[in-house]
Structures are given as structure tokens and as C-alpha cells.
Amino acid sequence: MPILFDKEKQVFKLDTSSSSYIMRIYKENYLCHLYYGAKIPDYNLTDHIFKGGFASFCPENINIPGAGFSPGVCTFEFPGENTGDFRESAVSIRNADGNNATDFRYAGHIIYSGKKPIDGMPSLYSESPEDCETLEIEMIDSFTGIKAVLYYTVFEKLSAMTRRVAIVNPTDKSVKIERIYSLCCDFNTRQFDMISLYGRWLKERTVQRQPLFVGTQSVGSKRGSSGHYRNPFGAIVGHDTTEDYGDAYGFNLVYSSNFKFNVEVDGHGGARVLMGINPDTFNWQLNPGDSFDAPEAVMVYSANGLGEMSRTFHRLYLNHLIRGKYKHVKRPVLINNWEATGMNFTGEKLLTFAQRAKELGLDMLVMDDGWFGARDDDTSSLGDWVVNEEKLGCTLKEFTHKVHQIGLKFGIWFEPEMISRDSDLYRAHPDWCVHVPGREKSIARHQYVLDYSRKDVRDHIYSMIKKILSENEIDYVKWDFNRNLSEAGSALLSNENQQEVFHRCVLGTYDIMNRLTTDFPDILLENCSGGGGRFDPAMLYYSPQIWCSDNTDPIERLSIQFGTSLCYPASTMGAHVSASKRAGYETKGNVALWGTFGYELDPNKFTDEEKEIVKEQIKEYHKYYDLIHYGDLYRLIDPLESGYKAAWMFVDEEKTQALFTCVVIKLYEDLVFYLKLKGLDKDAYYRCSQNGEVYSGALLMNAGLNLSDYPNTDGESFKLFFEKIS
Ligand code: GLA
């Protein structure tokens with residue numbers, strides 16, 4: 001079993017196929033962290049709780065005689081506030097007496113097969129009890145009586161764990177949770193680099209890496225969304241860690257609102273990693289008898305670099321996060337009208353798109369923004385989810401029927417969490433948006449965010465959406481979210497509860513997504529937020545794919561897709577061929593193939609030659625679907641690092657097929673350039689379908705390919721498909 005408890009030594013050991021996580025109940029019931037890293041057979045690690053050095057100016061526990069015990073120099077699982085450990089704490093509770101001294105100690109535990117869901121929140125799941133094992137540790141602050149439950153689930157085969165925390169108030173007094181991180185991981189060394197993903201609109205998830213320094217380094221969001229600017233992913237890696245070598249610890253929060261990934265290096269040489277709800281914008285009143293669930297955090301360890309860390313995340317998410325019909329069913333190749341028409345379309349025009357798309361072999365037409373209310377530009381109508389029949393030239397039922405008659409599926413765009421200032425809904429309910437009563441509201445894209453902490457608001461919006469989805473033939477929904485929250489407040493919450501708005505709103509979003517996916521299990525849901533502004537595991541729990549970025553330029557997309565792939569699988573990355581000018585259709589197709597694949601242009605404008613390219617691309621999409629969606633990704637040349645090329649490959653689990661793609665992003669000067677492939681079976685022989693040659697896996701991985709034999713001009717690209725023959 002992956003979870004062991006040694007009663008005599010009071011040690012917990014959580015093993016996966018290649019990692020060990022070890023902790024200990026120390027004197028006075030402190031729950032101390034001992035080790036996280038490559039798998040080790042034993043756990044004689046008692047000294048590891050102390051970081052050494054002279055603990056001067058660190059208060060001690062008076063009940064531990066001898067050398068004393070200073071919380072400030074120990075490694076903990078759930079360190080509290082204002083009780084002797086001066087680093088950022090994992091938890092801080094403002095007690096009924098007004099003080100925030102918080103000190104949770106071990107009180108008991110249980111171990112069981114499988115994993116429990118979190119009520120009202122997304123989390124990873126087990127398909128069978130054998131998939132994972134869970135340890136629940138009960139902690140108590142004996143002074144206040146407040147309890148905490150720490151959940152550790154071990155996915156043994158995948159070198160992955162999840163962690164989360166629930167706070168329970170069994171007392172008769174209300175308290176305030178002021179900080180509640182979902183995971184704390186205390187390392188005994190600071191010899192690491194921190195990796196995070198930053199960006200903005202059109203530039204999401206760019207990789208950044210720098211050595212840890214003494215002090216606090218963190219990334220987070222205060223936007224009421226995970227956001228374009230930083231992703232709720234962070235990694236701690238050795239200074240020498242590469243794609244294929246070295247320690248890599250990846251952390252990802254299953255949460256779509258304000259998060260923080262916080263790493264603090266102290267003067268004693270240790271590094272404390274915390275991940276969870278951003279405490280800067282959070283405060284939660286916990287009344288007698290209530291409990292609070294913090295979101296789940298995912299931890300992946302790889303002893304073999306970032307590549308293996310990413311592949312572990314991908315397998316974990318494909319098997320234990322993505323749900324619903326489209327977890328296994330092939331996704332339709334869609335054409336979306338947004339980049340071609342904006343809101344300036346008619347039903348008649350879209351039917352020509354559908355007709356052309358059908359001729360080319362596509363599967364679905366998606367009607368984007370502009371089909372409802374009086375929406376001809378972005379100044380109005382969000383919240384008025386009533387079909388504009390004048391624009392469509394018929395009812396939506398008739399329209400969707402026509403699309404189906406052409407032989408395509410039909411998809412539609414919504415932005416359910418928003419309200420335009422110019423909308424009937426806003427005129428009727430000006431207090432239904434997130435706002436601070438009496439204070440001026442900041443506007444963005446002419447819209448406000450609906451106050452989803454309110455059930456009446458959610459019920460109203462969902463009833464409109466449900467009506468449209470029930471009465472028409474709809475196969476797909478694109479759920480958009482085009483601004484972030486400001487003046488976060490709610491007209492209904494009491495003063496005491498105002499700081500709960502961000503979290504309550506995201507719980508409201510989860511509620512509606514849950515209703516939608518439950519009521520319409522056959523609908524394919526794609527998330528979007530001005531491109532990839534909400535690309536996080538929580539959204540992937542509801543929608544198996546997320547529009548990766550509004551930037552559809554294939555060269556720009558490379559660094560976005562490289563960054564995204566650090567923890568999110570190819571099958572989740574919405575990627576389309578567009579009319580962008582920087583490269584030809586072949587390269588646009590090769591880049592979009594590393595994703596869900598689709599088109600975002602006017603198909604009436606294709607030349608005959610382009611039509612043939614598109615038909616070929618659709619065939620390739622079907623041919624390589626399983627390999628790309630379920631295979632292993634190997635990043636070979638990072639475009640940001642190299643500056644002249646990008647290359648990657650997918651290999652199936654049995655190593656019988658491999659697809660290699662290379663894109664040239666700048667004229668390359670060296671005449672000869674050899675690239676070693678990865679992930680193949682060294683003893684097998686593979687035929688390359690492009691040149692008919694046979695190579696051993698060993699040759700391809702050691703001698704490599706001479707890339708100067710292939711297209712080598714700025715914007716060009718090529719693919720090589722290898723199939724095992726013996
Ligand atoms: C966002 C999306 C686009 C498109 C527009 C419509 O920006 O990312 O794909 O749907 O909204 O307003």
C-alpha cells in the first residue's frame with residue numbers, strides 16, 4: 001500500500017512509483033515534515049525536522065525539555081501563525097478573542113482506499129479504489145478547539161499526490177479564517193530554481209525561471225480569476241535540472257480565483273513552498289458547526305527533469321481530472337466564425353461557412369459572440385440571452401436544424417458570468433453585479449461581472465441558458481469570461497462577509513458549470529477567457545478543453561503552447577488554424593495539431609490549393625488523434641530558448657508510433673544541425689513515412705536527425721511520422 005504508518009516511530013511514509021513523502025508526529029504532537037523527493041526505502045530521518053544552526057531569537061516550546069524545540073527552525077506540514085514560527089504560515093485564524101495565534105497539532109488519522117470529492121468544488125477523482133489511497137490527518141488547536149483536516153491522496157502509479165485542508169469549527173464561537181493555504185512543503189535546502197508561468201492577453205503562460213533568493217518570492221492573482229498574468233502553477237527544480245535530468249517538483253492549484261504560490265527562503269537555508277487561496281484578498285467567517293474546504297493542490301515529483309514532470313501531470317489530468325463523454329470520444333474539428341466576422345455576421349453567411357466546412361471534412365460550426373440581444377459590438381446585451389432572430393434570419397431552432405442538415409454539429413458562445421451596462425438585465429437589476437454599494441464601479445469592455453455569490457442571480461442566468469440549450473440542437477458551448485473583478489463586494493452579504501466575495505463568486509461559477517454539465521452531458525464544453533485567461537485545472541474539471549489564447553499566429557503560439565504544456569495536456573489546449581499572415585497553412589496546421597485542432601477563418605476565402613491542404617490536415621488530425629491526445633509529449637527545442645526553431649514529438653505508450661514536428665522561426669545560420677529524438681524504444685526499428693527510411697530507435701535518439709536536410713526557412717515547418725516495424 002502506498003501509505004504506511006509506523007506506530008512505534010510515529011512516521012507516515014507516502015510512496016509513489018518514484019517518490020517518497022515522509023512526515024513525523026513529534027513531541028507535543030507537532031506534525032513535522034521529514035522528506036519529499038526520489039523514492040527511498042527507509043525513513044530513519046528523525047534529525048531532518050531541524051534545519052540546524054543556532055535558533056537564537058526563535059521562541060521555544062516550554063514543554064519540550066533538553067535542547068528545546070524552536071518552531072522557527074523546524075519543517076512542518078501545517079505551520080500556524082503567531083506561535084513562534086516567523087515564516088509565512090499555512091494557516092491563520094482570528095479567534096473569537098480577537099487574537100490570531102494559531103497552532104494546530106496532530107490529533108488522529110485514518111487511511112482509506114480511493115478519494116472523496118469536495119462538496120461544490122472541483123478536484124481530482126479516482127475511477128476505482130485501487131487508483132489511489134488517502135490519508136486524513138486530524139489536527140486541533142487545543143486552545144480554541146478549532147480543528148483542521150489535512151487530506152493527502154497518493155496516486156501511486158503516477159508519482160503524484162494531491163493535498164487539501166478543511167477547517168472545522170466545533171466550538172460555540174465564530175472565528176475568521178484569515179489564511180488557509182492548501183499545501184505546505186518545507187524543504188531543507190534553498191538550492192533550487194523557481195519556475196512559473198506569466199503573461200498577459202495574447203501572451204499567456206510564458207515560462208520564467210530564476211534561482212531562489214533569501215526572502216519571499218511569489219506569484220499570484222487578485223483578479224477573481226486565475227488570469228492571463230500568472231498561472232496557478234509553480235515548480236521548484238534543481239539549478240542543474242533540464243528537460244531530462246534532475247529534480248523537478250511541480251505544484252498546481254485546482255482553483256479558478258485568487259491564488260498564491262509562495263516560496264520563502266529563511267536565514268537557516270530552508271525553503272517553504274505554499275500554495276492556495278491568496279490570503280491578500282481572503283477572509284472567511286466560520287460559524288459554530290461550520291466547515292470550510294480549501295481548494296485542492298496537486299504535487300508531482302520527477303527525478304528526471306521537467307519533461308517527465310509534465311508527462312506525469314498530463315497522464316494524471318487525462319485520467320483523473322478530465323471527465324464526461326469527451327474524455328474518450330474524439331472531439332469534433334470545429335470552425336469558429338469569430339476571427340473571420342466578429343459580430344458582423346448573418347445566419348445566411350454562417351450557413352456558407354457550414355457548407356464549405358462540410359465539403360472540407362470538418363465536423364462542427366461554432367457561432368461565436370453576437371447572436372443575442374442587440375449585440376452588434378461589445379457595448380451591449382450580455383445577460384440578455386435572447387436570440388436575435390433578425391440577424392439569424394430564422395429561429396435558432398431552425399438555424400441549428402439547417403446546420404445539422406448540412407451534416408455538421410453546432411456550437412454556440414455564451415459569457416454567463418457577465419452583464420453589459422447596456423442591457424435589459426442591468427436596467428432591471430443594477431445591483432446584480434459585483435460591486436461595492438455606493439462606490440463607482442470600474443467598467444471593462446463595457447461590462448460588469450455578475451454577482452455569482454447570489455443564488456437568485458445564478459438561477460436566473462442558468463434558466464435562460466438552459467432554455468436555449470434545451471430547445472435547440474446544440475452540441476457544444478464556448479463559455480467565455482472577458483474581464484476580471486474589481487470593487488469586489490456584494491449587495492447581499494453582510495459587512496462581516498464582504499471579503500468572502502471572490503471565493504463565493506467562484507463557487508457560484510462552479511455551481512453553474514456543474515448544473516450545465518449534469519443537465520447536458522452530451523454537450524462539449526470549451527472554456528475561454530479572452531483566450532487562455534482562465535486556463536487552470538478547476539476549469540478542466542468541467543470542460544475538457546480551453547481556448548489557449550486569442551493569439552492564433554502560429555509562431556507566437558509556439559511559446560504559449562510550450563509553456564502551457566508544462567502541466568496541461570495537448571488535448572486540453574484549444575488551437576486553431578487562422579488567417580494570420582506570418583506563416584503558410586502547413587505551419588499553421590502543424591502548430592494547431594498540437595492541441596484540439598480547428599479553424600478560425602472564412603472558409604469561402606480558401607484558394608483551391610489551400611482547400612487541398614485543409615483536407616489533408618483533417619486526415620492528419622484523424623490519423624494522429626490518439627497519438628497526440630493520449631501519447632507522451634517530449635519537448636525537444638524550446639522556441640524561447642533557441643530563438644530559431646521549435647521542435648516537439650509525441651510517442652504512444654507502447655512506443656510503436658511517434659510524430660515529430662519542427663517549426664523554423666528564424667533563418668538559421670549553422671549549416672548542419674543534428675537533433676536527437678526522445679522517448680523511442682532503442683531496440684526497435686522505425687520506418688519514417690515521409691522518406692521511407694528505416695532507423696533504429698537507438699540511432700534516432702543518439703545520432704539524431706540532420707535538420708538541415710529538411711525545410712529550413714523562416715516560417716516553414718515539417719512533420720515526420722515514425723512507425724515501429726520490428
Ligand atoms: C474572447 C474570446 C474570443 C471571442 C471573443 C468574443 O475574446 O477569447 O475567442 O469569443 O471573446 O467576444
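The values are calculated or read from the model by the stated rules, or taken from the named source; none is laboratory data. All values reported here derive from a predicted model rather than from experimental measurement. Cβ atoms come from the backbone with ideal geometry, glycine included; neighbour counts cover every protein chain shown.
For the stretch 298-312, the condition of being within 16 Å of the ligand (Cβ to nearest atom), crowded, with 23+ Cβ neighbours inside 10 Å and touching a residue at least 40 places away in the same chain (Cβ under 8 Å) holds for none of the residues. Say whether the condition of being crowded, with 17+ Cβ neighbours inside 10 Å and either among the polar types (S, T, N, Q) or not assigned by TED's automatic domain parsing to the domain that holds V300 (or both) is met by at least one residue in the stretch 35-52. Checking the stretch 35-52: not a single residue is crowded, with 17+ Cβ neighbours inside 10 Å and either among the polar types (S, T, N, Q) or not assigned by TED's automatic domain parsing to the domain that holds V300 (or both). Of all positions in the stretch 358-381, at least one carries a residue that is out of contact with any strand residue (DSSP E or B) (no Cβ under 9 Å at 6 or more places or on another chain) and either within 16 Å of the ligand (Cβ to nearest atom) or over 29 Å from K615 (Cα atoms) (or both). Of a type in the set (K, R), within 21 Å of I468 (Cα to Cα) and either modelled with pLDDT of 95 or more or within 16 Å of the ligand (Cβ to nearest atom) (or both): is that true of K402 in this structure? Against the criterion (of a type in the set (K, R), within 21 Å of I468 (Cα to Cα) and either modelled with pLDDT of 95 or more or within 16 Å of the ligand (Cβ to nearest atom) (or both)), K402 qualifies.
Show me the strands (runs of 3 or more DSSP E) found entirely inside the stretch 658-726 where at least 2 residues are closer than 18 Å to W648 by Cα and either modelled with pLDDT under 95 or within 36 Å of the chain's Cα centre (by Cα) (or both).
Per the criteria, 685-688, 717-724.
Yes or no, residue by residue, for (1) surrounded by fewer than 19 Cβ atoms within 10 Å (Cβ to Cβ); (2) farther than 12 Å from L286 by Cα; (3) polar (S, T, N, Q):
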residue: E156; (1), (2), (3): no, yes, no
residue: T162; (1), (2), (3): no, yes, yes
residue: I167; (1), (2), (3): no, no, no
residue: R179; (1), (2), (3): no, yes, no
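Of all residue pairs spaced 6 or more apart or on separate chains, those with beta-carbon atoms under 7 Å, a first member in the stretch 606-621 that is part of a helix (DSSP H, G or I) and a second member that is of a type in the set (V, I, T) are I618/V333; Y621/V333. Working carefully through the options Y510, Y452, find the one that is outside any loop (DSSP other than H, G, I, E, B), more than 16 Å from the ligand (Cβ to nearest atom) and buried (at least 17 other Cβ atoms within 10 Å of the Cβ). Exactly one residue qualifies, and that residue is Y510.
Note on the stretch 633-646: residues that are more than 21 Å from K724 (Cα to Cα) and hydrophobic (A, V, I, L, M, F, W, C) total 3. For the stretch 552-585, residues that are part of a helix (DSSP H, G or I) and under 17 Å from W201 (Cβ atoms) total 7. Exactly one residue among E500, E496, E487 is away from the ligand (no atom under 16 Å from the Cβ) and not in a helix (DSSP H, G or I), and that residue is E487.
Return a yes/no flag: does the stretch 408-425 have any residue that is at pLDDT 95 or above, surrounded by fewer than 20 Cβ atoms within 10 Å (Cβ to Cβ), within 15 Å of the ligand (Cβ to nearest atom) and within 24 Å of Q498 (Cβ to Cβ). Taking every residue of the stretch 408-425 in turn, none turns out to be at pLDDT 95 or above, surrounded by fewer than 20 Cβ atoms within 10 Å (Cβ to Cβ), within 15 Å of the ligand (Cβ to nearest atom) and within 24 Å of Q498 (Cβ to Cβ). Given (1) within 16 Å of the ligand (Cβ to nearest atom); (2) outside any loop (DSSP other than H, G, I, E, B); (3) among the hydroxyl-bearing types (S, T, Y), identify the lone condition not met by S549. Result: S549 passes all but (2). Which one of the conditions (1) over 30 Å from D550 (Cα atoms); (2) surrounded by fewer than 17 Cβ atoms within 10 Å (Cβ to Cβ) does R200 fail to meet, given that it meets all the rest? Going through (1) over 30 Å from D550 (Cα atoms); (2) surrounded by fewer than 17 Cβ atoms within 10 Å (Cβ to Cβ) one by one, R200 breaks only (1).
Scanning the stretch 96-130 for residues that are touching a residue at least 60 places away in the same chain (Cβ under 8 Å) and under 24 Å from T517 (Cα atoms) yields I118, D119, G120, M121, P122, S123, L124, Y125, S126, E127.
Residue by residue, here is whether (1) free of Cβ contacts under 8 Å to residues at least 40 places away in the same chain; (2) closer than 30 Å to E556 by Cβ holds:
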residue	(1), (2)
S463	yes, no
Y476	no, yes
R483	no, yes
S486	no, yes
G489	no, no
L492	no, no
V501	no, no
I512	no, no
I523	no, no
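Being under 23 Å from I177 (Cα atoms) and in a loop (DSSP other than H, G, I, E, B) is the filter here; which residues of the stretch 117-160 pass it? Correct list: P117, D119, G120, P122, S123, D141, S142, F143, T144, G145, I146.
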